[in-house]
Ligand SMILES: NC(=O)c1ccc[n+]([C@@H]2O[C@H](COP(=O)([O-])OP(=O)(O)OC[C@H]3O[C@@H](n4cnc5c(N)ncnc54)[C@H](O)[C@@H]3O)[C@@H](O)[C@H]2O)c1
């Protein structure tokens, strides 16, 4: 994989990273204001076939859809659009089938392309459909939520939900390109922007560990400090720092996934805050956004680590203050059934026998232990 050096400030040109993925796919990842304008060039470079399906959400701004459609010249491609329902509602077998049928009715072949324009739910569904129809079409992702730009669109995991649980059916499948454009966040509700910030805070908490085990280079300033300034200011997507935060987050995820694509070891660092987070999402019936649940999870492992004397108290306070400053929750919602929460955590994929493998901040901000074993009998220490 080739990437340019970590920069936390870049206002002007879009930077493009080339990612040679685990399955020998070369993914172009363009980040920065205006990255979306690269779409037409990208389609030509990847030999996008003759047919292009654009998948979008009801909330996709008319302006973004129009821009994307006009970047796909009608003299070169037969373009169709399919709007799927908002949020998790589109990650179903029913909607997967509708996408397959759409492709079949329009006679898509393996050279053709799906463009996913939306948040993580659309990029997950589009990825699953692209990976399974005819055993693989081209996939290009234009993520429109902060969470999808820094996380869901990156790393090659696709999926839909089954009645028994979230993301239970899925594939590893890599897009040909990802165009992460902060200008698309102009229409994103603040609550969703904040949800994406939680994942960026996660990257800040694992930064030194990622730099130690991969070729990711630390910048002059740590991501945590840049984030702290961002959060202390009247932050939004237009702040040029936002593009830098997105770039650093994407780089970290690419390097981690490049080193450990199938989560044998290092990739676990990306699960910081997610064990309690996933359980919370489920027990709270998805009333919390993904980022809100992960924030409560990160605050919980931080407190655990301070209590275990693995992290200085002052660092623990800084982490919790940053989460709160970003507008994220750090405590369990009131009246939550704690027994259900513990039961849900005990079914986590990271369970190994009578212990749960947790990622916990340790030593100082930026360093994590991703092999910490919490005995099942002590799960209540987390909440
Ligand atoms: N594949 C992965 O590696 C991975 C990683 C993390 C999360 N995910 C998945 O991603 C999903 C969460 O991502 P998300 O928060 O982006 O979900 P989402 O797609 O539901 O988007 C959140 C909300 O923001 C709206 N939205 C998105 N972009 C907008 C824009 N520019 N303007 C206005 N509204 C906009 C959506 O319509 C939705 O209501 C979950 O399904 C999760 O499982 C996948």
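Values in this text are rule-based calculations from the coordinates and carry no lab data. A quick note: this is a predicted structure, and the numbers were derived from the prediction, not measured. Glycine also receives a Cβ, built like all others from the backbone with ideal geometry; neighbour counts cover every protein chain displayed.
For Cα pairs less than 8 Å apart in space and 6+ apart in sequence, what is the mean separation divided by the residue count of the chain, i.e. the relative contact order in percent?
16 percent
Post the alpha-carbon centroid distance, the stretch 305-368 to the stretch 237-273, in whole angstrom.
Distance between centres, Cα-based: 19 Å.
Antiparallel versus total DSSP beta bridges in the chain: what percent is that, nearest 5?
45 percent
For the stretch 322-374, rounded, prolate or oblate, judged on the Cα gyration tensor with a ≥ b ≥ c (square roots of eigenvalues), a/c < 1.5 rounded, else prolate if a/b > b/c?
oblate
Express in nm, to one decimal, how much length is gained between residue 86 and residue 26 on full extension, taking 0.36 nm for each residue of separation and deducting their alpha carbon distance.
Result: 18.6 nm gained on full extension.
State the Kirkwood hydrodynamic radius of the stretch 227-374 in Å, one decimal place, computed from all pairs of distinct Cα atoms.
Across the stretch 227-374, the inverse of the average 1/r is 16.4 Å.
How would you classify the stretch 296-354 from its alpha-carbon gyration tensor, with a ≥ b ≥ c the square roots of the eigenvalues: rounded for a/c under 1.5, else prolate if a/b is greater than b/c, otherwise oblate?
oblate
How would the stretch 15-189 be classified by its alpha-carbon gyration tensor: rounded, prolate or oblate, with rounded meaning a/c under 1.5 and the a/b versus b/c comparison settling the rest?
Here the stretch 15-189 falls in the rounded category.
Calculated FRET efficiency, residue 355 and residue 100, Cβ-Cβ r, R0 25 Å, to nearest 0.05?
Rounded to the nearest 0.05, the efficiency is 0.05.
How do the peptides 286-292, 29-35 rank, highest first, by the average count of neighbouring beta carbon atoms within 10 Å per residue?
Put in order of decreasing packing, that is 29-35, 286-292.
Taking the simple approach of a point 7 Å from Cα along Cα-to-Cβ for both residue 346 and residue 287, what is their distance in nm?
Taking the two extended label points, one gets 2.5 nm.
Among DSSP beta bridges whose residues both lie in the stretch 15-189, state the antiparallel percentage, nearest 5.
30 percent
Rank-order 318-327, 294-303 by packing density, defined as the average count of other C-beta atoms within 10 Å over each peptide's residues, highest first.
Sorting 318-327, 294-303 by mean packing, highest first, produces 294-303, 318-327.
What value in Å³ per residue do you get for the convex hull of the alpha-carbon atoms in the chain?
Value for the chain: 127 Å³ per residue.
How much length is gained if the chain between residue 93 and residue 164 is pulled fully straight, taking 0.36 nm per residue apart and subtracting their Cα-Cα distance, in nm to one decimal?
That works out to 24.3 nm of additional length.
Show me the ranking of peptides 89-102, 113-126 by mean Cβ neighbours inside 10 Å, starting with the highest.
Sorting 89-102, 113-126 by mean packing, highest first, produces 113-126, 89-102.
Summing -39500 (n - 2.57) over the DSSP H runs of n ≥ 4 in the chain and dividing by its residue number, what mean residue ellipticity at 222 nm do you reach, to the nearest 500 deg cm²/dmol?
-12000 deg cm²/dmol
What distance in nm separates the two pseudo spin-label positions at residue 380 and residue 50, each 7 Å out from Cα along the beta-carbon direction?
Reported label-point gap for residue 380 and residue 50 is 6.7 nm.
Determine, from the Cβ-Cβ distance of residue 59 and residue 220 and an R0 of 35 Å, the FRET efficiency 1/(1 + (r/R0)^6), rounded to the nearest 0.05.
That pair, residue 59 with residue 220, gives E of 0.40.
What's the angle, to the nearest 10 degrees (0 to 90), between helix 223-232's Cα axis and the longest principal axis of the chain?
Tilt of helix 223-232: around 90 degrees.
Any idea what angle helix 240-259 forms with the longest principal axis of the chain, computed on alpha-carbon atoms, 0 to 90 degrees, nearest 10?
The angle comes out at about 90 degrees.
Would you mind computing, in nm to one decimal, how far apart the modelled labels at residue 337 and residue 234 are, each placed 7 Å from Cα along Cα→Cβ?
4.5 nm
Using only the alpha-carbon atoms, how far is helix 274-283 inclined from the longest principal axis of the chain? Give it as 0 to 90 degrees, nearest 10.
80 degrees
Who wins for biggest fluctuation among 28, 268, 351 in a Gaussian network model of the chain, springs between alpha carbons below 10 Å?
Its mean-square fluctuation being the largest, the pick is 351.
Using only Cα atoms, locate the centre of the stretch 65-114 and the centre of the stretch 127-201, then give the distance between them in Å, rounded to an integer.
Value for the Cα centre distance between the two parts: 15 Å.
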